[in-house]
Structures are given as structure tokens and as C-alpha cells.
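What follows is one structure encoded as C-alpha cells, with my remarks underneath.
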Amino acid sequence: MESQYNPQQIELDAQHYWEKNQTFKAKEDPLKEKYYCLSMFPYPSGSLHVGHVRNYTIGDVISRFQRMLGKNVLQPIGWDAFGLPAENAAIKNKVPPAQWTDQNIQHMGRQLRRLGFGYDWDREMSTCKPEYYHWEQWFFIKLYEKGLVYKKNALVNWDPVDNTVLANEQVIDGRGWRSNAKVERREIPQWFLKITAYADQLLNDLDTLTGWPAQVKTMQRNWIGRSEGALVHFQVADMADTLQVFTTRPDTLFGVTYLAIAPEHPLATLVAAKNPSLKGFLAECQTGKVAEADLATIEKRGIDSGLRAIHPISNELIPIWITNYVLMDYGSGAIMAVPAHDQRDFEFAKKYQLPIRQVVARSLTDLSFDIDKQPFIEKGVLINSNHFDGLAYAEARDAILQQLLKDNKGEKQVQWRLRDWGVSRQRYWGTPIPIIYCDACGTVPVPEKDLPIILPESIEFDGVGSPLKKMPEYYNTTCPNCQGAAVRETDTFDTFMESSWYYARFACPDQSMKMFDERVDYWAPVDQYIGGIEHAILHLLYARFFHKAMRDLKLVQTDEPFLRLLSQGMVLKDGAKMSKSIGNTVDPEDLIAQYGADTVRLFVMFAASPEQSLEWSDSGVDGAYRFLKRLWHMVFQQVQQKPTQQELLAPTPAQKDFRRLCHETIQKVTDDIGRRQTFNTAIASMMELLNAIYIFAASPHHNAALTQEALQALLLMLSPITPHITHALMYALGHSEAIVNLPWPTVDVGALAKDTLKFVVQINGKMRAEITAPAHADNKDLEHLALNDENVQRHIGEKEIQRVIIIAKKLINIVIK
RNA sequence: GCCCAGGUGGCGAAAUCGGUAGACGCAAGGGACUUAAAAUCCCUCGGCAUAUGCCGUGCCGGUUCGAGUCCGGCCCUGGGCACCA
């Protein structure tokens, strides 16, 4: 064994061993319990950043840990290869997106290998390859056949100078990022997936996901947003139209003083045609971004449409306003406004001097509330509501609903916040949508036998619109039905489509005849999924939806794709998310060159618990490196000793303490890695154990067999985190089997026993002393011992003792007057 | 604006179910070894006092024998808001 730790050499040796022995090649074995561990696959942006290292190290630690517990582990890796950055790079560097993406995959693949992650590289796949997106196109057609796909108009950001649809990210302060032109909201036809058909399942099944963080489930619940209420029909005066308005507060129906409709609402378009001032207002509403965050923060504005609606019970005429804060995409694009009992409506009514009519009060007699100052949001008793006056919230709600039902002017309704998923993108670098348009036959899905529709890769890319729209050789085709001339859809899929099913495809990436084969039944679902908290809603919801849709097509057998979820925090630098666009990334390659992969892995795992966001700083890496050097040195020292394997017949108290610490550490590290997934505290405990080994080795009680036991346990526990150095050191300690094939250490319960326990003694909750008591002492003994303490006596003095609270194995609190 | 997190020493953090606040590490200061440096090892390290005390976990208030942890109200930072991935 070398006396010096040389990470570069030993890391190559270990990696060579794993490769040569195909250590991480996963084979289906019905006799072994499987464990599928997956970190969210990367977008090949160019090179790895620290966030990737964190993500993939967590996955590797869990995979290697489960392997040591005897599971048949699958840990695959692939590339989420379609996306916008490749198009940007294509414009900037005049290189086709496919070529740019492939280069990045090559480079990042090398970086992942250098970090020593235990992937089954034979399953590597890229979503931009036809072998992959073939089955996405096939699945889309299956959904189409099931009626889960439809086309409708939807809003996009339109750059009127570049004549291009812009992503929200490409709109900066309301202007196109390249043209600097004011962005307009424009409606275009787009394909949608009916995720709302699964809304109830997506909501209810969250309760079965016991391995998911509560925070993520709450976010999804709120996003899906189930609410119960009423759909109220407001007849438009002097017109045939009816406005269908959803409300969660039917009890406030008599407080409605105006209705508000979205600028894109058909009624708005209709009346604006004859009214120039309305037309002007609608045009103003059309500028700006389509993102909800922008719509929610803009100044609320509106204009009286001149139309009137008839109140469904009182028959009063109510003005219909066109406003910029009602979303056409949400519900019916129209709302009823009750300024007296809703904050937003109140503010709008104040601004435009619309009437505010209080219809709910704390009681019939308590009318002290000043409705002119602020809205009354609470539930209460109805007033000013005809014959409904005096009814409390629940009765009022039911009575009004009954009346609406009777008159055929409303019904009970469950409303969801979740909207259908628009999957069309007016971009080149994505999966072609397998649809053909024929003048004679209409919309025709591409037949299975003609799949995949291959995206042409050698193209000219100028940034103005999709190149596919300028390629007749691509879009001109024949109709599968009538064989007449027809054109292809030139839009491509949202890239969330690829990431919604890749986890299942990893079970059989080489299957060329179908989407999945029987191997998916062995590996799915994913036992542990790891990824950034920024994916808590969209990606995870879409993947859950796909999984359920695949289940209903008998492609998978389970209800949910991911059993346990670890949402890792963001890696921040200078207080902001690390990203290439901000330019604050840290390249892990420099750190690997200086310290080796083990130090980088160790430090990233040590710096914070995985769910916390991590403010990146290079300082501290030295500490991780120093720890590994100390570990190397201690094993080197131990190897010179020739330890006796003989057990100690009469260990000294110091030797018992040392062995207890060793087994307490095994217990804690097992719990920290397996249950808590707090790798940072596991590492801290292992550092404490190494510190204790140093002290023990230098003490007169030193025993080589005990040190050997502790060092072996330490190497085994460290091996998921720093697999290379532990590979070398376990051989050095005299093992002939590679550490990667050895089992996780077990706790000797006998070693944990203690003769005495330490108690903190408090007086009125303040710590005043620490006492040592025999392990078997009862509460009386403990109270006696505590009261006998000199410092405790001094603090009690002449005062009267009221209570003594004893918390087992921990604490004694004496309450005095 | 709405939803979800977080705020603890000079710094990264820990405190798992309401029970010793600051484990573990970084930086810094002091010392040992060395011709010297690096490396390594030892000691100190929240603030104020100076023997066993007081204060201290974003701010204000509450519950409790006891609050970083629970409750109410604020402030600030981060993530998401459906076309970044």
C-alpha cells in the first residue's frame, strides 16, 4: 500500500474494475428483490454543474447503499435531449441542434464517468433519437384514439417583428429578447392532452404516496385545485347568450354588482366590433406576456361592455365588464363579482365606483361592519337577500342552490384549477407531432406502420420560425386514408412529453418492436426518484398523468410511477439559481482535477442536507479532502500493525466505549442514509468515528482488532459516498473481495449497552447541572441525585419545590416558586 | 398577486416527536514539529461579563415546567405559476 493518498490513480483503478466486471449492469432476476433508483435525467446543456453533481451523487449513494443491502439495483442514465437551448446555440454558433446536442452528450457523459457513478451504461438513451420518440408518437396516437387528445385555440407570446412564437423565458419586460419588439398575445390552434380527465385520480392518489415529501404533495394538491360550488347561469339581456359563471360562494349571490369577462371572451369580441373604445381597450389587453404571474400582477383594468345580465333570482340588471384580470383559459372566462365579500372585486369596484352591496353579516343585528372601508370576507348570516335573509352560510348556500336548480338557472359544480396540457410547440428541435392534414379527410393520425416520423437533422437554422415550415420535402405527404395530397403537422411536442415516460423505457431501451415489454413489469415503478424541487409540480404531475394513461392502455400495471421522492434543493451561487444564462456556474471538473471525484462527492453531500438549498462556496472542499487523507493515513498505520483477530476477553472501559461508539455510528449512519436521507449528518458521524479512532489508536488502551473492526465498518459505510478510496483501502486492510460486493455492516446490539446515563438538570427550564446516574436508576433515585447536586442546591436555596419533571434518559426539570 | 419552502456564530451547517442551541466542517488566532515552507498534530473560537452569571436561533405577541421547534401577526430570501428544463 502507498503511504500517500493519490486520488487520480486509485479512482481510475476502481472505475476500471467496475467496468471490467460489469458491476452495475442490471439484469432482471425474479428471485431477487429489485430496487429501481433514478435521478432526473439531465438536459445536455454543455457541461455538468454542481446541481448535477448533487443530484447524481444522491442517486448513486442510495443505489450503492441498496445494493449493499442485497437488492437487485437498476440505476440508469440518459439524456433529455430536445429543447430550446439547442436552437439558441444553433443560431449563435451556426451548428445544427442535433450536432450541438450530441457533442454535449459526449462531453457530459465523460464527466459522469469520471465521477464514478454506478450506472448501467448499456441502457443509456437520448430522447432526440427516433428509437425513443417513435414510441412517444405511437402513444400520442393511442391517446388520440382514446379521445384524450383534442385541438383548440390557445394564447401564445407573439413577436410581431421576428414573426415567431416566444417562450415565456424569451419575453423580457414585455419585449422579445432578440427583436426587442412589444410582445402580443395571440391565439393559435394547438394540440391538447386531456389531463383534466385524470384530475380526480391525480388528486386522490396523492394520499397513497407516503414516500413523497408533504410539501410536494401540497403543491400538487393546490395546483390541481379542486373546489366545490355552483355554476350560475346569467342570461344576457336582449340576447340569446347565457354567461355560465362558477362561484364557490353561492350564498353571496345577491351581492353581485357586476360580471367580469376576459378580453378574449366571444361576447367581448362581439360587442367590440361595433364599439371603437372597447376595441381599443381589447387591443391594449393584448400586449404583454401570457404567463399567469404577469397577469396576476398587472394593474387591474376594465371597461363597461354596455351589455347587461339578468340576475337569476332577483331579475335585476347587472353590468357586464370586460377586464384584464379574468383568464379565458380558466373556467368559462367569466366571473360574478361580489365587491362586498371579495378583496379583488372590492378593489376593482372602488376603482370604478361600482356599487358595493353587503349581503353577509356577523348576525342580523350586528351591522357595525363598515363595508365601505373593507370587504367582509368571513362566512355569516344573509342580509339584503330577499327571503333568504337570516339564513346562516350552509343553509343559505343550499337554499340558493335549490332555487337555482328549480328555476333551471344553475347547478352544483366541482371546478378544477388544473387545465388541459397544451403540447404543441412551434419549434424545430422536438418530437414531430404524428398528424396529417388532408383536405378531403381532415385530421388523420399517422398509421402505426409509418412511424416514426423522423425529424430531419441537417437543416438551416435562421431563428425565424421553424425550419420544418420551410421544408416542403418534409411536410408534403399523402393522406393515409385517400392517398391524396396532404400536409404534415409541422409543430413539435412540448419537451415535457419525453420526460413523462422515460423512467419506464429504461426497463427496455433496446426494444424496437413496442413501447414496453415484460421487463417494465419487473422494474417499474421507480422505488426512489431524485430531482430538483423546481420540478415539484409540472414534470411530476405530467409523469403521473402519463403513468395512469399508460396503465389504462395496459402498458404498465401500477397506479403511480415514483414510490419515494427526494426533492433536492437548488444549488445557489451569489444568492441565485446556478444557470448558464446567469453565468454563475461552477465547473466541477476543476475540483475533480485538483482533489479527485471522491472529495467532490463527499463535499457536495456534506455541505447541506439534500432537501435544503445550498449556497455554493469552494471553501470547505479542503475539509473533505483532509478527511480522506486522514482516513488513508489511519488505514496505512493499521496495516503496519498486523492486527490480531482474537477477541478481547476483558475489555477495559475505554475499549468498551470505543466499541460502543463504533456500533452507535453504524446505527446512526444506517438510519441517516436509509430512512432520513440526511447524508450530511451521516458524514458528520463518520468524521467523529475517525476522530475517535485516532484518539484510540494513540491511547494506552489501543487494541488493533478493535481498530480493525471500526475501520472496516467505516470503509463500508463510506463506500456509497466515496466508492474509489474505499475500494483501494478495503483491499489494503486485507480483504480479497471488492468492497462493492460486500454487505452493509450490522449493529452488534450488545455493544450498545450502557452502565450509566447522563442527565441534564434544569431549574425552571434553565440548565444548572449535569449528573451521571446508573442506567437502572428510577425516578426517585434521579430526583434525589439531582437535588443533591451542589449547584442545584445553591439555585434552589430557600425556595419551595413545586414539581419535578423527568424525561427518560435525558432531563430532569425542577420547578420552584 | 397566488401556492410551497427557508431565515440559527465570521462562513457551510446540526439539533430526528416540545427537552443541554451551535454537533461536524471551513476560515481565523495561538502553539508543536521543521533551517524554512508545505503537510501534519495540539489548543481557543456566538456576544457581554469573569468563576459555574446574563443575553442570544429574522421581527412582534402568545401557549408551556420548558419554544430554533407549536399558535397568531409581520418582514426578508428562494422555488413554482402551465412555452426554460
Subject >> Modelled FRET efficiency - R0 25 Å, A:GLN201 with A:TYR330, Cβ distances, 0.05 increments >> reply: 0.75
Original post:
For the range A:605-751, what is the relative contact order in percent, using Cα pairs closer than 8 Å and at least 6 residues apart in sequence?
Top reply: 30 percent
**OP:** Just need the relative contact order of the range A:690-776 here, percent rounded to a whole number, with Cα pairs under 8 Å and 6+ apart.
**Re:** 17 percent
**OP:** Kindly report the accessible area of the range A:181-287 per residue (heavy atoms of protein chains, probe 1.4 Å, no ligands, DNA or RNA), in Å².
**Re:** 42 Å²
**OP:** Quick one: which residues, 5 or more positions from A:LEU757 or on another chain, have an amide H under 5 Å from its amide H? H modelled 1.01 Å from N in the peptide plane, none for Pro or chain starts.
**Re:** A:ALA773, A:ALA775
**OP:** Would you please give the residues with an amide H less than 5 Å from that of A:SER39, counting only those at least 5 places away or on a separate chain, with H modeled from the backbone geometry?
**Re:** A:ILE530
Subject >> Nearest-0.05 FRET efficiency for A:GLU518 and A:TYR17, computed from C-beta distance (R0 30 Å) >> reply: 0.40
Original post:
With each label point set 7 Å from Cα along the Cα-Cβ vector, what nm distance links A:LYS146 and A:ALA775?
Top reply: 5.8 nm
Original post:
Counting pairs of alpha carbon atoms under 8 Å apart in space and at least six apart in sequence, what relative contact order in percent does chain A give?
Top reply: 14 percent
Subject >> Modelled FRET efficiency - R0 30 Å, A:ALA705 with A:GLU2, Cβ distances, 0.05 increments >> reply: 0.75
Subject >> Inter-label distance, nm, simple model (7 Å from Cα along the C-beta direction), A:GLN402/A:SER613 >> reply: 5.2 nm
Subject >> Potential extension, A:ASP122-A:ASP173 segment - 0.36 nm per residue separation minus Cα distance >> reply: 13.8 nm
Original post:
So what's the angle, to the nearest 10 degrees on a 0 to 90 scale, between helix A:653-671 and the longest Cα principal axis of chain A?
Top reply: 20 degrees
Original post:
Expressed as a whole number of Å, what is the distance separating the alpha-carbon centroids of the range A:209-283 and the range A:394-466?
Top reply: 20 Å
Original post:
Given 10 Å bins starting at zero, what is the percent of C-alpha pairs of chain A in each, up to the one with the largest pair distance?
Top reply: 2, 10, 16, 18, 17, 14, 11, 7, 3, 1, 0
**OP:** Counting only heavy atoms of the protein chains, get the accessible area per residue of the range A:1-117 (1.4 Å probe) and round it to a whole Å² value.
**Re:** 40 Å²
**OP:** Would you kindly derive the ³J(HN,Hα) couplings of the range A:502-516 from the backbone phi angles with the Karplus curve 6.51 cos²θ - 1.76 cosθ + 1.60 (θ = phi - 60°), listing them in order in whole Hz, with x for Gly and Pro?
**Re:** 4, 4, 7, 5, 4, 5, 8, x, 9, 6, 9, 9, 8, 5, 9
Subject >> Rounded if a/c under 1.5, otherwise prolate or oblate - the range A:102-190, Cα gyration tensor axes >> reply: oblate
Original post:
Is there a pair in A:LYS766/A:LYS810; A:LYS379/A:LYS412; A:LYS32/A:LYS142; A:LYS194/A:LYS548; A:LYS373/A:LYS409; A:LYS766/A:LYS817 whose C-alpha atoms are over 24 Å apart, and which pairs would that be?
Top reply: A:LYS32/A:LYS142; A:LYS373/A:LYS409
Original post:
Cα axis of helix A:7-20 to longest principal axis of chain A: angle in degrees, 0 to 90, nearest 10?
Top reply: 70 degrees
Subject >> Accessible carbon and sulfur surface of the range A:563-716 relative to its total accessible area, %, 1.4 Å >> reply: 51 percent
Original post:
Which angle between 0 and 90 degrees, to the nearest 10, do you get for helix A:779-788 versus the longest principal axis of chain A when only C-alpha atoms count?
Top reply: 70 degrees
Original post:
How large is ³J(HN,Hα) for each residue in the range A:245-262, as worked out from phi by the Karplus curve 6.51 cos²θ - 1.76 cosθ + 1.60 (θ = phi - 60°), to whole Hz, x for Gly and Pro?
Top reply: 10, 8, 9, 8, 10, x, 5, 9, 4, 6, x, 5, 10, 7, 10, 10, 10, 6
Subject >> Cα-Cα P(r), the range A:180-288, percent of pairs per 10 Å interval >> reply: 10, 24, 29, 26, 9, 1
Subject >> Extension gain from A:GLN802 to A:LYS629, taking 0.36 nm per residue of separation minus the Cα-Cα distance >> reply: 56.8 nm
**OP:** Count neighbours as other Cβ atoms within 10 Å of each site's Cβ, and list the trypsin sites (Lys or Arg not before Pro) in the range A:73-141 that are DSSP loop with at most 13 such neighbours.
**Re:** A:LYS94
Original post:
What is the antiparallel percent of DSSP beta bridges lying wholly in chain A, to the nearest 5?
Top reply: 75 percent
Original post:
In the range A:428-562, carbon and sulfur make up what percent of the accessible area (probe 1.4 Å)?
Top reply: 51 percent
**OP:** Would you give the gap between the C-alpha center of the range A:87-107 and the C-alpha center of the range A:686-739, rounded to a whole Å?
**Re:** 47 Å
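The values are calculated or read from the model by the stated rules, or taken from the named source; none is laboratory data. This one's a predicted model, so the numbers in the text were calculated from it and none came from an experiment. Backbone-built Cβ (ideal geometry, glycine too); neighbour counts: all protein chains shown. All accessible areas refer to the heavy atoms of the entire protein, side chains included, with ligands and DNA or RNA removed. Shrake-Rupley method; radii C 1.70, N 1.55, O 1.52, S 1.80 Å.
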